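Asks: There's a structure below that I have some questions on.
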Amino acid sequence: MIVRPKASVFDILFAVRGSIAGRVAWRCLFITALACLIVFTGDFHLETMTHFGAAPFGLIGIAISIFMSFRNSAAYDRWWEGRKQWGELLVQVRSLCRELSDLDAETKKRIFMPLIAYAKALSARLRGEDEIAAARPWDVAVSPGPNVSDAILRQIGTELIALNTSGKLSDWRYSSAAIRMNGISSVQAACERIKATPLPFAYTLLIHRTVYLFCVLLPFALAPQLGWGTPVIVAFISYTFFGLDAIGDDLAEPFAVADNSLPITSLGRVLEREVMSFLEMTPLPEELQPVGYVLS
């Protein structure tokens, strides 16, 4: 996720790090170079283009803008839903810690340390990384399987059942803790649903193709009227469309490793620090900071 201080006018106009400009620069340069070539050679006397002029492209541009708005709105809903789920995970873990705060230190450690491993494993699962390797530093014994994160939750559940059976945890407190564990499991299910259900590919493909075709043909329509002003206008329009397209791609995959994806590594560190603080473990790991204005 891009994190920048309040931007000045200079930053708004010229900032590159932490912006989408670097990712779409080559596409914008290609379209701008094409526009320069068309103006330079005077090769814009295509009867169809000259006849239609720029008006049809204005209508097409409005239509594309509406379609991209719908797509980016759907992508942002996915991004925001993912963020809410990770916030809910933190709420459930905090609540579980408070409800079981009177247990002895060793018991609390057996319950809550695996929760840190769970957050790390879930982050790795959502990003297609090694769940076991992510959980291993937290001394959680899990075997390879289709869902390591859920296996860690089952271990915690088994510990809670043992406490209830031995009388260390009353029935009503066990029931409350089980509700928290179900909430944590629901967070994982929601995140897996987001990851496993992408935006319809045909819709995304249509947007990509239309944007590219529009930007490539636009110089032919503008050159007869604007001359050397065409590359400037085309560069601005292509940057806007390609930039919105790239941002939509990032938002549609909220758990990926991209500039505009969710900082689930950082969110996992927040959970890690809070659980360790609850267990009075020191020193606490440092909070993750943006690198090049990007928080992972």
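The values are calculated or read from the model by the stated rules, or taken from the named source; none is laboratory data. Keep in mind it's a predicted model, so treat the numbers as computed, not measured. Note that each Cβ is placed from the backbone with ideal geometry, even for glycine, and that neighbours are counted across all protein chains shown.
Asks: Which of the following residues is under 24 Å from ARG269 (Cβ atoms), surrounded by 15 or more Cβ atoms within 10 Å (Cβ to Cβ) and touching an Asp or Glu at 6+ places or on another chain (Cβ under 9 Å): SER123, SER95?
Replies: Details: SER95 fails: touching an Asp or Glu at 6+ places or on another chain (Cβ under 9 Å).
None of the other options fit; the residue is SER123.
Asks: Of the residues in the range 193-205, how many are touching a residue at least 40 places away in the same chain (Cβ under 8 Å) and out of contact with any Leu (no Cβ under 6 Å at 6 or more places or on another chain)?
Replies: Restricting attention to the range 193-205, the residues satisfying the condition of being touching a residue at least 40 places away in the same chain (Cβ under 8 Å) are 194-195, 198-199, 203-204.
Then keep just the ones that are out of contact with any Leu (no Cβ under 6 Å at 6 or more places or on another chain); that gives 194, 198-199, 203-204.
Residues flagged as touching a residue at least 40 places away in the same chain (Cβ under 8 Å) and out of contact with any Leu (no Cβ under 6 Å at 6 or more places or on another chain) within the range 193-205 amount to 5.
Asks: Tell me, please, whether a residue that is closer than 30 Å to LEU206 by Cβ, among the aliphatic types (A, V, I, L, M) and without any contact (Cβ under 8 Å) to a residue 24 or more places away in the chain can be found in the range 68-85.
Replies: Of the residues in the range 68-85, the ones closer than 30 Å to LEU206 by Cβ are 68-85.
Checking which are among the aliphatic types (A, V, I, L, M) leaves us with 68, 74-75.
Restricting the remaining residues to those that are without any contact (Cβ under 8 Å) to a residue 24 or more places away in the chain gives none.
No, the range 68-85 has no match at all.
Asks: Related question: I'm told GLY18 meets every condition in (1) loosely packed, with under 12 Cβ neighbours inside 10 Å; (2) at pLDDT below 85; (3) assigned to a loop (DSSP other than H, G, I, E, B) except one. Can you identify the failing condition by its number?
Replies: (1)
Asks: Looking only at the range 175-192, how many residues end up being without any contact (Cβ under 8 Å) to a residue 12 or more places away in the chain and aliphatic (A, V, I, L, M)?
Replies: Total satisfying the criteria: 2.
So that you can scan it fast, the table gives a plain yes or no per residue for (1) in contact with a strand residue (DSSP E or B) (Cβ under 7 Å, 6 or more places away or on another chain); (2) within 24 Å of SER170 (Cα to Cα); (3) in a helix (DSSP H, G or I):
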| position | (1), (2), (3) |
| --- | --- |
| CYS97 | no, yes, yes |
| THR107 | no, yes, yes |
| LEU122 | no, no, yes |
| ALA134 | no, no, yes |
| SER143 | no, no, no |
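Asks: Here is a follow-up. Take the range 162-218 and flag every residue that is of a type in the set (Val, Ile, Thr) and in a helix (DSSP H, G or I). Spell out the reasoning first.
Replies: Within the range 162-218, the subset of a type in the set (Val, Ile, Thr) is 165, 179, 184, 187, 194, 197, 204, 207, 210-211, 216.
THR165, ILE179, ILE184, VAL187, ILE194, THR204, ILE207, THR210, VAL211, VAL216 - these are the residues of the range 162-218 that are of a type in the set (Val, Ile, Thr) and in a helix (DSSP H, G or I).
Asks: Tell me which residues, restricted to the range 164-217, are among the β-branched types (Val, Ile, Thr) and more than 25 Å from the chain's Cα centre (by Cα). Walk me through how you get there before you give the answer.
Replies: Filtering the range 164-217 down to residues among the β-branched types (Val, Ile, Thr) leaves 165, 179, 184, 187, 194, 197, 204, 207, 210-211, 216.
Correct list: THR165, ILE179, VAL216.
Asks: On to the next question. Looking at LEU100, LEU153, LEU126, which one is in contact with a Lys or Arg (Cβ under 9 Å, 6 or more places away or on another chain) and within 21 Å of LEU279 (Cα to Cα)?
Replies: Values: LEU153 fails: in contact with a Lys or Arg (Cβ under 9 Å, 6 or more places away or on another chain); LEU126 fails: within 21 Å of LEU279 (Cα to Cα).
Matching residue, one of LEU100, LEU153, LEU126: LEU100.
Asks: Take the residues in the range 222-234 that are crowded, with 23+ Cβ neighbours inside 10 Å and within 18 Å of ILE60 (Cα to Cα); name whichever of them is nearest to the chain's Cα centre (by Cα).
Replies: VAL234
Asks: Looking at the range 227-274, which of its residues are hydroxyl-bearing (Ser, Thr, Tyr) and part of a helix (DSSP H, G or I)? Write out each step before concluding.
Replies: Initial filter on the range 227-274 (hydroxyl-bearing (Ser, Thr, Tyr)): 230, 238-240, 261, 265-266.
Matches in the range 227-274: THR230, SER238, TYR239, THR240, THR265, SER266.
Asks: Only residues in the range 266-283 that are more than 16 Å from PRO114 (Cα to Cα) count as the first member; pair them with residues that are outside any loop (DSSP other than H, G, I, E, B), Cβ under 6 angstrom, at least 6 apart or cross-chain, and list the lot.
Replies: Listed by first residue and then by second, the contacts come to LEU267/TRP86.
Asks: Considering only the range 182-201, I want to know if a residue exists there that is out of contact with any helix residue (DSSP H, G or I) (no Cβ under 7 Å at 6 or more places or on another chain), modelled with pLDDT of 85 or more and farther than 30 Å from TRP86 by Cα.
Replies: No, the conditions are met nowhere in the range 182-201.
Asks: Considering every residue within the range 87-100, establish whether at least one is of a type in the set (Gly, Ala, Ser) and at pLDDT below 90.
Replies: As a first pass, look at the range 87-100 and keep what is of a type in the set (Gly, Ala, Ser): 87, 95.
From what is left, the residues that are at pLDDT below 90 are none.
Looking through the range 87-100, none of the residues is of a type in the set (Gly, Ala, Ser) and at pLDDT below 90.
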